[in-house]
Structure formats: structure tokens, C-alpha cells
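Inspection log for the structure reproduced underneath, given as C-alpha cells.
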Amino acid sequence: MDFNLSYLVRENIKNLSPYTTARHEFTGEASVMLDANENAAGSPVSLDINDFHETLNRYPDPLQIKLKERIGAIKGVPVENIFAGNGSDEAIDVLMRIFCEPGVDNIITLPPTYGMYGVCAAINNIRVKEVPLNAAYQMDIQAIADQVDDYTKLIFICSPNNPTGNSIARQDIEIILNNFDGIVVIDEAYINYARQKTFAQDIAEYPNLVVMQTLSKAWGLAALRLGLAFASKEIISLMNNVKYPYNINEATQQLALHGLKNVMQINNWTKTTIEQREWLENELQPLPMVEEIYPSDANFLLVKMKNAEEVFTFLQTKGIIVRSRTKTKGCEGCLRITVGTAAENKKLIETLKTYNPTV
Ligand SMILES: Cc1ncc(COP(=O)(O)O)c(C=O)c1O
């Protein structure tokens, strides 16, 4: 046998820079996790195996109709316009597999932005055209228009944007929706924290619009892995044809149905998180290492610091994990800090006050 693994692996997979999280990189004891933009306040359901009386011998509903009925009632979107994925990451992947011919078509992303668009494109062997956001982290419409060609199938707009935190101007998104002949994907993972209104109700108006949301953030259900996409019924039908048949397992469907009953609880937590975001901003402002705090419409703050990498390591030694963005183009010298509980935010500030720079 002449087995050679490297010879078998696709070239784009050999060259892949995989998605990494702070939790891939950190192995110690962490007491405060401010790295992944989860809902620090808690979860509307918890898993107690002894209380879970579903039998699991049957496959789950492949189209998750009950779940979509509840989501539809909350979001004001008909069931046939809703896709449920194993996290919004599945929706990103499915969209690329539907619309992009590997090695031929391309997508546009607007860095600095969520890393999975690029990773997913690399896995699918799809070219990414990056059109950087401007200094105010808004879209450069002309630069986007200049990059669009006959092979551009998808534009990913993340609003509020990760890692910068700001919403993208609504009128600029409308210009793209009205002028781009491909699919415009608006990733609204953090929309619950935003002053700006969702585009979910605009899917009837724009046949080229896909809006993504997730239960991983404000809904406090990151562990369930449930992402959503809202679009025309034609696009949703394509997404359902391409996804794995039973992509949302029964436990997730049942627990999400329970969690989605607690709209009031989620709204209260969201309000508290926004108050805590303001508290954190006010407390960070006077600290000597803080140079700039960017305006946030999300549950995290992008903060430019002197010695950012050193501050990051210092916090890690104190068991506080934040996300370093110092190596991300457009975010040099920045840490991304998730808004935690009041106690966690206080601990972060008190710890930062004890930091002594080595230089
Ligand atoms: C902008 C953005 N989109 C999507 C996701 C992924 O969400 P999910 O947990 O639903 O895969 C994240 C997670 O951090 C995110 O920041």
C-alpha cells in the first residue's frame, strides 16, 4: 500500500487556518469568561437529565415545525420563511454550498468581522473578496460596488458587527439590497442589544435578503446550537434541501421550545446587559491603559489599550478570559470584552486597577 494522507487531502484544506476560540487556546482555570459573547446572566432552561422524559429512539422532526411556529410567533415571520440550523454557522455553510461554485464564485466580506464567513469559504474553496470597513467601522459602498463581479454570489453584512460592536447604517444596507443582484446576508446575532431595528420583517420586500439570528446570545442557549435564517420561501426551501436531514436534534428542539416561552425573562436580561455595558464603559474610560472604547450595540465592547497583549495575559493569569483582537487588521491594540454579570464586570475592573505595566 502506498498511503499518503497529504496526497489525499484537498489543497484548500491543507492550507486552512481553522476557526479558533479563546477556549481552544486557554487551558488553565478560568473564573470569569468574557470571551465568547454569551448571555452571562444565565439560560432560560437548564438540563436535568432526571427531569428529561423524552424518549429518543425516534428521529426528530426534520423541519422542526413546532419550534418554527413558536419562533415565528415571536419574530413575526411565517414558518415557511424560517430555517433552523446547528448554530448560525450551519446557515453560513449551507448558503455557500447553495450559491457558490467552488473555485469559480466569490463572496464579499467586510473586515474586521466575524471569522466564520472566511473559514467556511476556505473549507468550500470559495474566494473571499475583503472590502474593509472604514475608520468608523461602516461600509464603503463604492469600494463594495467596485469589487462585485459576475461571480459574486453573497455579501455578508454583520450588524451589529463582531468584533467592533457597532450597527451598520441601515440606509447603506438598503443601498446594497436594492443594487446587488446576489444574496445579501445580514448577520443579526446581536440584534437584541441594538438600537437599530431588525431586517427580519423586510424579507417580503427583498427577494435577495437572508437575515440570520441565533439563540446563542441574548437567548442564553449557546450550548443548544440553534441558529436561524429568515428569507423568501424559495431560499428557505433550498436551505432545507441542502442541510442534513435531522440537523436539529430532539433534545435541542424540546429545550429550545421551553426556553422560547421565557420572552419576558430574556427581555429583562437584555435590559440588564445593556445597563451593565454602560457601567463597564464608564468604569473602563478613566483606566490608564484604556485609549478608546468603541460604541457598542452588542453585548461586548471593543477596547483599544496600551499594551493590549500584556493586559490580555495579565487578565488570564487572574482567571479572566477576554478575546484578544490585537492581530486583527483594523483592531490593532484591541481587546474584545463580553459584558458579564455585575459581579464579573466589577471583578474585571478591580483586577485592571491592579495592573502595573512592565514598560
Ligand atoms: C456575528 C456572529 N454570527 C454568528 C455567530 C455564531 O452563532 P451560533 O452560535 O448560532 O453558531 C457568532 C458567534 O459568536 C457571531 O458573533
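The values are calculated or read from the model by the stated rules, or taken from the named source; none is laboratory data. Being a predicted model, the structure only gives us computed values, none of them experimental. Virtual Cβ from ideal backbone geometry, glycine too; neighbours counted across all protein chains shown. Ligands, DNA and RNA are excluded from the accessible area calculation, which covers all protein heavy atoms including side chains. Shrake-Rupley method; radii C 1.70, N 1.55, O 1.52, S 1.80 Å.
Provide Rg over Rh for the chain; use the alpha carbon set for both Rg and the Kirkwood Rh (inverse mean inverse pair distance). Before the final figure, lay out the partial values.
Numbers: Rg = 20.9 Å, Rh = 21.6 Å.
Result for the chain is an Rg/Rh of 0.97.
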(message) Which of THR109, THR21, THR252 ends up with the largest GNM mean-square fluctuation for the chain, with Cα atoms connected below 10 Å?
(response) THR21
(message) I want the antiparallel fraction of DSSP beta bridges within the stretch 55-261, as a percent rounded to 5.
(response) 35 percent
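On the protein heavy atoms, probe 1.4 angstrom, tell me the percent of accessible surface of the stretch 60-104 carried by carbon and sulfur. List each step's numbers first, then the result.
Numbers: 960 of 1830 Å².
That fraction is 53 percent.
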(request) May I ask you to give the solvent-accessible area per residue for the chain, in square angstrom, as obtained with a 1.4 angstrom probe? (result) 48 Å²
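If you roll a 1.4 angstrom probe over the protein chains with everything in place, what fraction of the accessible area of the stretch 246-359 belongs to carbon and sulfur, to the nearest %? Present the calculation step by step, with values, prior to reporting the outcome.
Numbers: 2780 of 5350 Å².
Carbon and sulfur atoms account for 52 percent of the accessible area of the stretch 246-359.
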(message) I'd like the antiparallel share, as a percent to the nearest 5, of DSSP beta bridges with both residues in the chain.
(response) 50 percent
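I need the Kirkwood Rh of the stretch 55-261: take the reciprocal of the average 1/r across all distinct C-alpha pairs and report it in angstrom.
Numbers: mean 1/r = 0.0580 Å⁻¹.
Every distinct Cα pair counted, the radius reaches 17.3 Å.
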(request) For ASN179 and VAL128, compute 0.36 nm times the residue count separating them, minus their Cα-Cα distance, and round to one decimal in nm. (result) 16.4 nm
(request) At 7 Å along the Cα-to-beta-carbon direction for both VAL104 and SER46, put a label point, then send me their distance in nm to one decimal. (result) 5.3 nm
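Could you compute the FRET efficiency for GLU54 and SER17, with r as their C-beta to C-beta distance and R0 at 51 Å, rounded to 0.05? List each step's numbers first, then the result.
Values: r = 39 Å, r/R0 = 0.77.
Efficiency computed from Cβ-Cβ geometry: 0.85.
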(request) Springs between alpha-carbon atoms under 10 Å, Gaussian network over the chain: tell me which of LEU228, LEU260, LEU215 tops the mean-square fluctuations. (result) LEU260
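Can you give the local net charge around LEU177? Use residues other than it whose beta-carbon is closer than 12 angstrom to its beta-carbon, Lys and Arg +1, Asp and Glu -1.
Numbers: positive: ARG170; negative: ASP172, GLU174, ASP181, ASP202, GLU205.
Neighbourhood net charge equals -4.
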(message) If I build a Gaussian network model for the chain, linking alpha-carbon pairs within less than 10 angstrom, which residue out of LYS271, LYS217, LYS243 has the largest mean-square fluctuation?
(response) LYS271
(request) Can you send over the carbon and sulfur percentage of the accessible area for the stretch 126-220, probe radius 1.4 Å, protein chains only? (result) 46 percent
(message) Which lysines, if any, have their Cα less than 28 Å from the Cα of LYS197, not counting same-chain residues under 8 positions apart?
(response) LYS66, LYS68, LYS75, LYS129, LYS153, LYS217, LYS233, LYS261, LYS271, LYS304
(request) Sort by residue number and name the cysteines in the chain that have no neighbouring cysteine Cβ under 4.7 Å. (result) CYS100, CYS120, CYS158
(request) Rank these by accessible area, largest first, 1.4 Å probe: TRP219, TRP279. (result) TRP279, TRP219
(message) Using Stokes-Einstein with the Kirkwood hydrodynamic radius over Cα pairs, what translational diffusion coefficient do you get for the stretch 222-356 at 20 °C and a viscosity of 1.002 mPa s, in µm²/s rounded to a whole number?
(response) 121 µm²/s
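By how many nm would the segment from TYR355 to LYS327 grow when fully extended, if each residue of separation counts as 0.36 nm and the alpha-carbon distance is taken off?
7.9 nm
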